Amino acid sequence: MGHYENFRAAIYCTAQTLSAIDGRRLEREWEFLEKYVGVDKVYLETFRNGTLVPEGQIRMIRDFFQSHGVETAGGITAVTPDLSEEDGKRQRLFSTFCYSNKGMRDKLKEVAEYTAGLFNSFILDDFFFTSCTCEDCIRERGNRSWSEFRAEKMREVSENLVIGPAKRINPEVKITIKYPNWRESWHETGYIPEIQRKLFDFIYTGTETRNTAHTDQHLPRYLSYSLMRYMENVAPGRNGGGWFDTYSCWPMDCYLEQAYLTAFSRPEEITLFQWGDLFENRLVTPLSVQLSKIDRILNEAGNPVGTPVYLPFGSCGENHLEDHLGMQGAALEPVPDFPWEAPVIFLTAAAFADREIMEKLERYLMQGGTAVVTSGFVREAPEEKWKRLSSIRLTGRKLSAERFQITDDPAGYYEGKEPVQFDELQFCNNASWSFLNAGTGDSHSSILLMDTFGRGKLFTLAVPDVFADLSRIPVPAMDMVRRVLTSGRIYISGRNVSIFTYDNGVFVLYCYAGGDSVPEDITVHLLENAEGRADGQAYELEALKDGRRISLTKRICRHEGWTDLEMTAQIRVLPGEFAAFRVIR
């Protein structure tokens with residue numbers, strides 16, 4: 001494939017960088033990036049914010065890369081300055097196009113035709129949206145919502161201003177639409193992957209998470225993995241890759257983690273943005289070494305698997321809760337379609353973008369599935385439909401928890417370091433069964449309960465008001481949450497550690513780096529249904545790095561409603577480091 005066996009390494013080059021570069025500078029910067037990244041492909045942008053790179057300049061740069069054995073493709077970023085005096089009335093964030101404006105529509109069509117004449121493939125950077133609220137857009141919108149208006153507008157723009165014109169110039173051209181990292185807001189601005197996946201040849205995924213605490217988006221770092229997996233499920237085999245940048249990435253691990261988690265998702269390609277910011281940037285100097293290590297792991301790994309998280313198209317609600325759980329050891333797989341065949345599913349408030357979600361949940365439980373739903377899901381559920389499934393109600397009060405109790409563990413009381421606040425759940429004892437209580441003093445309530453329905457099980461999880469506070473819940477208490485979320489029959493005990501699981505028994509552990517990070521001694525738990533059994537098969541873990549074997553300790557774990565044969569092993573993971581293992585039977 002190139003420098004790596006399991007993915008290509010690509011770099012995006014903006015129009016401003018390409019317009020200013022000459023052959024001598026290009027050679028010098030190429031030598032640096034080839035050494036520290038290993039460049040298999042470049043995207044050469046023709047247009048951004050009014051800069052159109054001249055054809056002769058593009059051809060010179062394209063020929064340079066092709067002479068070095070590097071694949072080339074085009075790129076377009078749909079932002080523009082005002083094209084006329086009247087454009088001052090437009091209400092455009094980030095200078096994105098107003099697609100009710102003829103001049104701007106003509107400009108995008110012209111750029112698409114120009115780019116298709118130079119390349120057999122090109123990508124649309126993630127400004128291919130509209131949030132304009134000018135008088136023209138308001139008039140065109142009529143009685144529709146903004147999301148309805150923009151969805152139809154961007155479908156029409158995709159077909160008539162990009163795809164159609166480009167393919168008339170170059171019938172062979174392949175066009176990719178890149179989606180940004182703000183999935184929960186796509187439909188409000190005209191991103192419609194359920195339609196655009198059928199229009200464009202490929203899709204692409206923004207995996208930038210940067211420094212979570214010091215950027216305006218506050219994206220959990222697990223998103224660099226989970227959004228890639230979601231988009232692979234949106235368009236299987238046509239998610240071209242993951243793309244991240246260097247901005248607001250301090251300390252260095254914030255940048256490298258984007259690369260690691262993107263790579264763990266098994267992408268076809270990893271794209272670094274952008275050439276002009278990468279030259280002599282210390283953030284990129286470890287990349288070729290680290291990506292080579294991950295490449296060797298992926299040689300041994302199968303396809304990523306995890307418990308499905310149902311995120312219908314156009315959904316929002318309890319945004320990124322799944323990512324916070326992913327950072328606390330739950331192996332998850334976001335999907336846009338209801339996962340009927342999965343043994344365990346996870347539903348947040350976002351699931352109510354599907355108007356039939358309650359009927360689907362009831363049918364899923366009847367056929368024997370296990371569903372884990374959140375307190376946010378309960379809040380959104382129609383009362384009469386929810387009553388069919390559970391006695392649980394939200395009281396409207398808050399529960400402040402400093403102590404956590406595992407109900408079927410006589411020694412299962414654990415003190416937290418700081419209070420964690422939840423919505424209080426009320427339920428009918430012995431109609432619904434509590435597995436995990438939380439509270440303070442003499443006041444406790446359940447935060448994890450089970451109901452049975454048909455042949456299935458329904459777990460309700462009260463989530464903290466601040467999702468990041470999941471890391472403050474004592475590890476043994478969080479183990480109960482991880483256990484019920486486990487569909488692959490493996491989970492880990494630890495704090496701020498992710499597990500990435502694959503369908504051939506390989507898994508990868510990664511410990512997040514931060515200001516208060518320390519080495520984590522985690523426990524790997526392998527589970528098998530053990531009804532009526534006193535023993536099970538012998539298992540070991542094999543470290544992929546050096547082949548060493550780790551023995552597992554076996555015990556029978558009994559909980560109300562199920563019994564597991566549990567096998568455990570202790571592993572130390574270091575902040576900013578990843579380690580891969582194979583389960584040996």
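Structure notes:
- Helices (runs of 4 or more DSSP H) completely within the stretch 274-326 that count 1 or more residues being open to solvent by 30 Å² or more (accessible area, probe 1.4 Å) and without any contact (Cβ under 8 Å) to a residue 24 or more places away in the chain: 287-300
- Only one of the numbered conditions (1) exposed (fewer than 15 other Cβ atoms within 10 Å of the Cβ); (2) β-branched (Val, Ile, Thr); (3) under 23 Å from Pro193 (Cβ atoms) is violated by Ile357, and that is (1).
- Across the stretch 505-519, the qualifying residues are those that are modelled with pLDDT of 85 or more and open to solvent by 40 Å² or more (accessible area, probe 1.4 Å), and the one among them that is farthest from Ala301 (Cα to Cα) is Val518.
- All positions within the stretch 362-377 that are in contact (Cβ under 8 Å) with a residue 60 or more places away in the chain, over 24 Å from the mean Cα position of the chain (by Cα) and in a helix (DSSP H, G or I): Glu362, Tyr364, Leu365, Met366
- Qualifying residue in the stretch 455-478 (condition: open to solvent by 70 Å² or more (accessible area, probe 1.4 Å), farther than 27 Å from Asp323 by Cα and assigned to a strand (DSSP E or B)): no
- Hey, Arg482 among the basic types (Lys, Arg), open to solvent by 30 Å² or more (accessible area, probe 1.4 Å) and modelled with pLDDT of 95 or more or not: no
- The set of residues in the stretch 442-454 that are under 14 Å from Val420 (Cα atoms) and either open to solvent by less than 60 Å² (accessible area, probe 1.4 Å) or not in a strand (DSSP E or B) (or both) comprises Ser445, Ser446, Ile447.
- Residues located in the stretch 558-581, provided they are among the aliphatic types (A, V, I, L, M) and either within 25 Å of Gly547 (Cβ to Cβ) or open to solvent by 10 Å² or more (accessible area, probe 1.4 Å) (or both): Met567, Ala569, Ile571, Val573, Leu574, Ala579, Ala580
- Every residue from the stretch 485-503 that is open to solvent by less than 20 Å² (accessible area, probe 1.4 Å) and either within 20 Å of Ile294 (Cβ to Cβ) or polar (S, T, N, Q) (or both): Thr486, Ile492, Ser493, Val497, Ser498, Ile499, Phe500, Thr501, Tyr502
- Top-ranked residue in the stretch 1-35 [being open to solvent by 60 Å² or more (accessible area, probe 1.4 Å) and assigned to a helix (DSSP H, G or I); ranked as nearest to Ala301 (Cα to Cα)]: Lys35
The values are calculated or read from the model by the stated rules, or taken from the named source; none is laboratory data. Since this is a predicted model, take the numbers as computed values, not measurements. Quick reminder, even Gly has a Cβ in these numbers, built from the backbone with ideal geometry, and neighbours come from all protein chains shown. Surface areas here come from the heavy atoms of the whole protein model, side chains and all, with no ligands, DNA or RNA. Shrake-Rupley method; radii C 1.70, N 1.55, O 1.52, S 1.80 Å.
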